[in-house]
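The values are calculated or read from the model by the stated rules, or taken from the named source; none is laboratory data. Here the structure is a predicted model, which is why all the values come from computation and not from measurement. Please note: Cβ atoms are built from the backbone with ideal geometry, for glycine as well, and neighbour counts cover all protein chains shown. All accessible areas refer to the heavy atoms of the entire protein, side chains included, with ligands and DNA or RNA removed. Shrake-Rupley method; radii C 1.70, N 1.55, O 1.52, S 1.80 Å.
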Amino acid sequence: MSFDEEYDRPPVSFTPAGDDDEARETNLEMVKPSPGYFTVSVLIAEAIVKRSEVTVLDYTSNQVTVRYQIDGIWHAGPPMERETGDYMLATLKQLAGMDYRERRARQTGNFATEYQKTRQKIRVVSQGVKTGERVAVYITWKKELIETVEELGMRSSMKEKLREVLRRDDSHLLLVSAKPGEGYTSAWRGVLSACDRLTRDFFVIEEESLVEQEVINFGSITFDKGKGETSMTPLPQLLLKEPNVLAFNDVPDGGSLNDMMAISSKHDMPIFVRGPGRNCIDALLRIVGLKPDLEKFANMLTMVVCMRKLRKLCQTCKVDYKPHPDLLRKLGLPEGRISELYRPFVYREGMVDEEEKEVEPCKTCGGIGYYGLTGIFEMLEVNQTMRSALLKKSDQQTLKSIAQKSRQVTMRQEGALLIAQGITSVEELQRVLSLK
Ligand SMILES: [Zn+2]
């Protein structure tokens, strides 16, 4: 889709801001004849087709750049001439009930749309910046709640190992990790959901302002930091209920972890904690960096599970290719058995096929080449060698090689399997694993 008018207006219908139906109707009649009405329709249709979470327009003196955030990644759209962009913005603000003449002060507004049989609520935020003006258009997508590690992409062999640890009822520590903002909640929910919650009592201890979507059958116990409370404050009451497992979704410092571990020993009960990390060893070292009682931590830790999120290739438009043997070797995939891998088909405006016919963007993914997310997991079973290395304060490299020797399945290997199955691409795995 392009922002010039050689095409028909995409049939987006608008419900503008307004106090009542009449005001909304008047508002809509006002914007319809405006030259910005066409471009706003294109912008919204494009954002919806691409499943963009936020579309950002940056106004500079002579043009407007457009960026879409999709599954957490930024994609550039074709830039727009400043004049076209100005008309579009005036219409956008009018629809959202904002003052279209105001181009410096921060403004927010809302309107609703219907396109391809779905209704969307659109939120617009505008703010004057040094170079001109920045405008963000937010669409809230109904996210499907991912409940289980299977849905997150954990394979059954790994799940069995996890279940074994989750079934233990003695004093030990399980560390669950992910990158904050990138599956931090899903990984935690997924692992907690894998517990056998019908026969045992599980409780999550959370800070009141940070309570996440509840995990079914997990009791949520909150404390209020603002009142000087800590994760230990609700415990005396809670322990009277004789819980079987305690789960802490945050370890603020080493002292807190020491308190958690003391409870685990005293009541001979497992504890699950969550911490940020790019991989298992990274998560482990971040906890060590909080300076807890290292000996106790090393002895109590049984397993680290870490998850990262990966975009899935669009199954409608992915393109196959014959991989070079070197690539397969690098990925650790068997050479003879894999004849093709897949890469995304990334649409660009003005693309033509072999017959010089214009190519249309894919209807499933809007031309992005990816559709949906999955997880890759890494699991570290802590053995005696790892414990001694932790106590000796060994560096990341040493810990990594110990993990490899104990046949830990790494994210790289998990990702390679997804590549072999055509679920994701080599580029996507590289992007995720090289992200700091
Ligand atoms: Zn596609």
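Just a few scattered comments:
- Check on Gln413, outside any strand (DSSP E or B), open to solvent by 50 Å² or more (accessible area, probe 1.4 Å) and outside the structural domain of Thr185 (by TED's automatic domain parsing): yes
- Residue selected from the range 360-376 under the condition of a type in the set (A, V, I, L, M) and modelled with pLDDT of 90 or more, by the criterion farthest from the ligand (Cβ to nearest atom): Ile376
- Scanning the range 217-245 for residues that are of a type in the set (A, V, I, L, M, F, W, C) and more than 26 Å from the chain's Cα centre (by Cα) returns Phe223, Met232, Leu235, Leu238, Leu239, Leu240, Val245.
- Contact map, the range 338-362: first residue without any contact (Cβ under 8 Å) to a residue 24 or more places away in the chain, second residue away from the ligand (no atom under 16 Å from the Cβ) and among the β-branched types (Val, Ile, Thr), Cβ cut-off under 9 Å, separation 6 or more or different chains; pairs are Glu358/Val352; Val359/Val352.
- Residue tally, condition modelled with pLDDT of 70 or more and surrounded by 12 or more Cβ atoms within 10 Å (Cβ to Cβ), over the range 214-227: 8
Yes or no, residue by residue, for (1) out of contact with any strand residue (DSSP E or B) (no Cβ under 9 Å at 6 or more places or on another chain); (2) at pLDDT below 95:
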position: Met1; (1), (2): yes, yes
position: Arg9; (1), (2): yes, yes
position: Thr15; (1), (2): no, no
position: Val56; (1), (2): no, no
position: Ser61; (1), (2): no, yes
position: Ile73; (1), (2): no, yes
position: Ala76; (1), (2): no, yes
position: Pro79; (1), (2): no, yes
position: Arg103; (1), (2): no, yes
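- Answer residue from the range 338-359, given it is among the hydroxyl-bearing types (Ser, Thr, Tyr) and within 12 Å of the ligand (Cβ to nearest atom) and is nearest to Leu327 (Cα to Cα) among those: Tyr342
- Residue match in the range 303-312 (condition: within 16 Å of the ligand (Cβ to nearest atom), without any contact (Cβ under 8 Å) to a residue 60 or more places away in the chain and either assigned to a loop (DSSP other than H, G, I, E, B) or outside the structural domain of Ala45 (by TED's automatic domain parsing) (or both)): no
- Matching residues in the range 261-283 - criterion: being more than 19 Å from Tyr184 (Cβ to Cβ) and not polar (S, T, N, Q): Met261, Ala262, Ile263, Lys266, His267, Asp268, Met269, Pro270
- Residue check for Arg134: in a loop (DSSP other than H, G, I, E, B), surrounded by 14 or more Cβ atoms within 10 Å (Cβ to Cβ) and in contact with a Leu (Cβ under 9 Å, 6 or more places away or on another chain): no
- Flag if Thr55 is among the β-branched types (Val, Ile, Thr), assigned to a strand (DSSP E or B) and open to solvent by 50 Å² or more (accessible area, probe 1.4 Å): no
- Here Glu102, Glu150, Glu160, Glu164 are screened, and the one residue that is assigned to a loop (DSSP other than H, G, I, E, B) and under 29 Å from Arg286 (Cβ atoms) is Glu150.
- Residue that is in a helix (DSSP H, G or I) and either open to solvent by 60 Å² or more (accessible area, probe 1.4 Å) or closer than 30 Å to Arg348 by Cα (or both), where the choices are Thr113, Thr65, Thr84: Thr84
- Some residue of the range 262-276 being in a helix (DSSP H, G or I), open to solvent by 70 Å² or more (accessible area, probe 1.4 Å) and away from the ligand (no atom under 16 Å from the Cβ): yes
- Within the range 327-352, the set of residues being of a type in the set (D, E, K, R) and open to solvent by less than 80 Å² (accessible area, probe 1.4 Å) comprises just one member, Glu340.
- Which listed residue is part of a strand (DSSP E or B) and out of contact with any helix residue (DSSP H, G or I) (no Cβ under 9 Å at 6 or more places or on another chain), from Gly422, Gly372: Gly372
- Among the residues making up the range 311-349, those that are under 20 Å from Leu152 (Cβ atoms) and out of contact with any Lys or Arg (no Cβ under 9 Å at 6 or more places or on another chain) are Lys312, Cys314, Gln315.
- Scan of the range 372-396 for residues that are among the β-branched types (Val, Ile, Thr) and open to solvent by less than 70 Å² (accessible area, probe 1.4 Å), ordered by number: Thr374, Ile376, Val382
- Residues considered: Val245, Val211, Val191, Val204. Of these, the only one that is under 26 Å from Leu162 (Cα atoms) and at pLDDT below 85 is Val211.
- Test for Ile338: is it of a type in the set (A, V, I, L, M), in a loop (DSSP other than H, G, I, E, B) and in contact with a helix residue (DSSP H, G or I) (Cβ under 6 Å, 6 or more places away or on another chain): yes
- The range 21-50, residues that are in contact with a Gly (Cβ under 7 Å, 6 or more places away or on another chain) and not in a helix (DSSP H, G or I): Lys50
- Residue within the range 285-299 that is small (Gly, Ala, Ser), open to solvent by 20 Å² or more (accessible area, probe 1.4 Å) and within 26 Å of Ser425 (Cβ to Cβ) present: no
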